[in-house]
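Trainee: Just passing along the structure, written as structure tokens.
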Amino acid sequence: MIEIPSADRRHLLITGATGLLGSYLVRDLLLDGQPVALVVRGSRRESPAQRVDAQLIHWENELGKRLPRPRVFDGDMTRPLCGLGADDLSWIGEHCCSVLHNAASLNFRGADRAAEPWLSNVSGVRNVLDLVQATDIEHFHHVSTAYVCGLRSGRIAENDLECGQKYGNDYERSKVEAEQLVRAASGPRTVTVYRPSIIVGDSHSGYTSTYHGLFAALRLGHTLLTRVAIGSTSGPALLGLLGIDLTACKNFVPVDWVSAVIAHAVQTPSARGQTLHLTHPEPLSMATLGALIQEAVERFSQAAAADDPDLCDEQWFAENLRTQLDVYRTYFRNDPFFDRSNLEAVAGHIPCPVLDHPTLLRMARFAIEQDFGRLAKPSTLAAKTMSVQVS
Ligand SMILES: NC(=O)c1ccc[n+]([C@@H]2O[C@H](COP(=O)([O-])OP(=O)(O)OC[C@H]3O[C@@H](n4cnc5c(N)ncnc54)[C@H](OP(=O)(O)O)[C@@H]3O)[C@@H](O)[C@H]2O)c1
């Protein structure tokens, strides 16, 4: 039976709308006609509403149609009740019966629990749960990560969480604690958990707005190629130097698919209460990725000229690698097998796009052409996004 929320409580409250996944979620849900309200913090230059507007303009340019403007609340998860005032809470209580908590810090390292990633991912979740309690929100949708499995190997069931595993970094631990808090919460009537693997760009356009995971390795290859003489390095050699096993496989998922699945699940009452692995059925080998990085930087990066006065030597190369080494060595370990039974039952009709060579190359080209986010803001990228084609 489909439950229809009362007419005045149909809004879905979303956090993390300014991030990569969040911007797709807002787009997809608005296109579905789902009313949304957003909790967004201001940046140094823009108010929360301006940040959201810039993203919606980006989508409008790409889609060629106008999107409704959601209600935007100025909120920071690190503050009690996310820093929202009495009027905000009363509006949310009146209009929202579900929250999609997607915001998180993706800082991998941080021993200090008063700093990131703990601040947003653990204290932040407590504050969002208090907000949920204060506004009587019934359904909690939580974006976690497949890597709450830490360093486990073998088959990982979607309902597994704390199994005495070791972790690759503080981010993974913080996301486990976040899930534990959400699952133990007494406020919401249902808790649904989404666990994507490594999110990469758009499977059609190559677009991305953040450059974690795969893009961090690509950026390293790109930076090295633009600072050392051509032929000094190659993708597989780079991964080898980082201590990465080229036979290891990693699980990547395109952001448009992750968003499509979550948007469908939040609007499907029978999906409530489940945990879904949003993972790819066909992981990629590190050898494939190494070769891709090499091809992408050779085709799209500007290699250093032999007489460039800023050319760096092997010493620079080695020092740079050392500083990056530990983070990437644990990150690019072999992935376990992520069981997808719940995902198949809920969203088997939304197949994950194949991450073939042209698709990956398109993503790499987009990242390099945008200088990994240093070139332009999302609102000005629309035309560019459409024009990125890889032969
Ligand atoms: N990227 C991946 O590979 C990956 C894989 C698995 C799971 N996930 C999960 O997917 C979700 C979205 O990730 P993403 O890749 O879209 O990350 P992202 O692009 O870095 O976006 C993170 C979002 O969280 C917001 N945020 C962080 N701290 C906040 C705070 N204290 N108060 C308010 N907002 C805050 C950010 O706001 P600002 O713009 O203001 O910073 C941004 O909107 C996260 O829960 C993440 O753990 C990501």
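Trainee: Quick one: 3J(HN,Hα) in Hz for segment 111-117, Karplus 6.51/-1.76/1.60 with θ = phi - 60°, rounded, Gly and Pro as x.
Mentor: Computed from phi, the couplings for segment 111-117 are 7, 6, 6, 8, 10, 6, x Hz.
Trainee: Specify the inter-centroid distance of segment 62-93 and segment 125-182, based on alpha-carbon positions, in whole Å.
Mentor: 23
Trainee: Can you pull the Kirkwood radius for segment 60-186, inverse mean 1/r over Cα pairs, to one decimal in Å?
Mentor: 16.2
Trainee: What is the fewest-to-most order of 365, 79 by other Cβ atoms lying within 10 Å of their Cβ?
Mentor: By the 10 Å Cβ count, ascending: 79, 365.
Trainee: Here is a further query. Just the Kirkwood number for the chain, please: inverse of mean 1/r across all distinct Cα pairs, in Å, one decimal. If you can, show how the numbers build up before the last one.
Mentor: Values: mean 1/r = 0.0459 Å⁻¹.
In the chain this quantity evaluates to 21.8 Å.
Trainee: Still on this structure, please answer the following. Which net charge results for the neighbourhood of residue 24, defined as the other residues with beta-carbon distances under 14 angstrom from its beta-carbon, given Lys and Arg at +1 and Asp and Glu at -1?
Mentor: For residues surrounding residue 24, the net value is -4.
Trainee: How do 331, 207 rank when sorted from fewest to most other Cβ atoms within 10 Å of their own Cβ?
Mentor: Working: 331 22, 207 27.
Listed from fewest to most nearby Cβ atoms, that is 331, 207.
Trainee: Hey, got the dipole for the chain? About the Cα centre, +1 on K and R Cβ, -1 on D and E Cβ, debye to the nearest 20?
Mentor: The dipole of the chain has a size of about 280 debye.
Trainee: Here is a follow-up. Could you go through segment 96-108 in sequence order and give the Karplus-derived ³J(HN,Hα) for each residue, using 6.51 cos²θ - 1.76 cosθ + 1.60 with θ = phi - 60°, rounded to whole Hz, and x for Gly and Pro?
Mentor: Per-residue couplings from phi come out as 10, 10, 9, 10, 10, 8, 10, 5, 6, 8, 9, 5, 6 Hz.
Trainee: Among 174, 123, 341, 186, what is the fewest-to-most ranking by other Cβ atoms within 10 Å?
Mentor: If I rank by nearby Cβ atoms, fewest first, I get 186, 341, 123, 174.
Read-outs throughout are calculated quantities, based only on the coordinates presented, and are distinct from any laboratory measurement. Keep in mind the model is a prediction, meaning the values are calculated, not measured. All Cβ positions, even for glycine, are placed from backbone atoms using ideal geometry, and neighbour counts span all protein chains on display.
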